[in-house]
Amino acid sequence: MERTLSIIKPDGVERGLVGEVITRFEKAGIRIAAMKMRHLTKKEAEAFYAVHRERPFFDSLTTYMSSGPVVVMVLEGDQVIQKNREIMGATNPADAAPGTIRKDFALDVEKNTVHGSDAPETAQKEIAFFFSELEICS
Ligand code: DAT
Ligand code: MG
């Protein structure tokens, strides 16, 4: 059993895609173990995406991620990190496979609707960024 962090980004919340995204997770047999809505500050977005701080898109990305509320979830299931990445699709919707969330909904490479942890160590760090162990219902 594995855990990953999922975020429905501001473009997804604003366009009313919360239910659609959650439905895709649940239909894939993924369990939601924790969930909350947050409006990140610019500083929080910068801390969350610190690994990208040297990238040219960092300021734009963190301004966007703090532009409106997001829905943050802990997903739980067998190989859920990889499974979630497959359901999400490639970072750039132009490269995303048909039937993925990003292919179906992302507006561009930045406003790409969802975030998902990419490895066990990042999943653990990202979950701890938003949730205490008491908030996670296993
Ligand atoms: P992912 O979200 O698929 O894990 P990532 O970790 O490489 O992708 O990048 C984090 C976010 O940064 C991504 O969801 C959107 C933004 N981003 C990545 N590459 C970008 C680019 N070339 N231009 C603008 N934003 C980009
Ligand atoms: Mg990433």
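The values are calculated or read from the model by the stated rules, or taken from the named source; none is laboratory data. Quick caveat, the model's predicted, so the values are computed rather than measured. Every residue, glycine among them, receives a Cβ derived from its backbone with ideal geometry; neighbour counts consider all protein chains shown. Just so you know, the surface numbers come from the protein's heavy atoms only, side chains and all, with ligands and any DNA or RNA stripped out. Shrake-Rupley method; radii C 1.70, N 1.55, O 1.52, S 1.80 Å.
Numbers at a glance
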{"read-out": "Residue list for the range 107-118, filter: within 10 Å of ligand 1 (Cβ to nearest atom) and either farther than 15 Å from Glu14 by Cβ or in contact (Cβ under 8 Å) with a residue 24 or more places away in the chain (or both)", "value": "Val109, Glu110, Lys111, Asn112, Thr113, Val114, His115, Gly116, Ser117, Asp118"}
{"read-out": "Of the criteria (1) open to solvent by 60 Å² or more (accessible area, probe 1.4 Å); (2) within 21 Å of Ala123 (Cα to Cα); (3) in contact (Cβ under 8 Å) with a residue 24 or more places away in the chain, which one Ser67 fails", "value": "(2)"}
{"read-out": "One residue from Val109, Val72 being assigned to a loop (DSSP other than H, G, I, E, B), within 16 Å of ligand 2 (Cβ to nearest atom) and of a type in the set (Val, Ile, Thr)", "value": "Val109"}
{"read-out": "Extreme residue, most open to solvent (accessible area, probe 1.4 Å), among residues of the range 112-138 that are charged (D, E, K, R) and within 15 Å of ligand 2 (Cβ to nearest atom)", "value": "Lys125"}
{"read-out": "Which listed residue is acidic (Asp, Glu), exposed (fewer than 15 other Cβ atoms within 10 Å of the Cβ) and at pLDDT 95 or above, from Asp11, Asp104, Asp78", "value": "Asp78"}
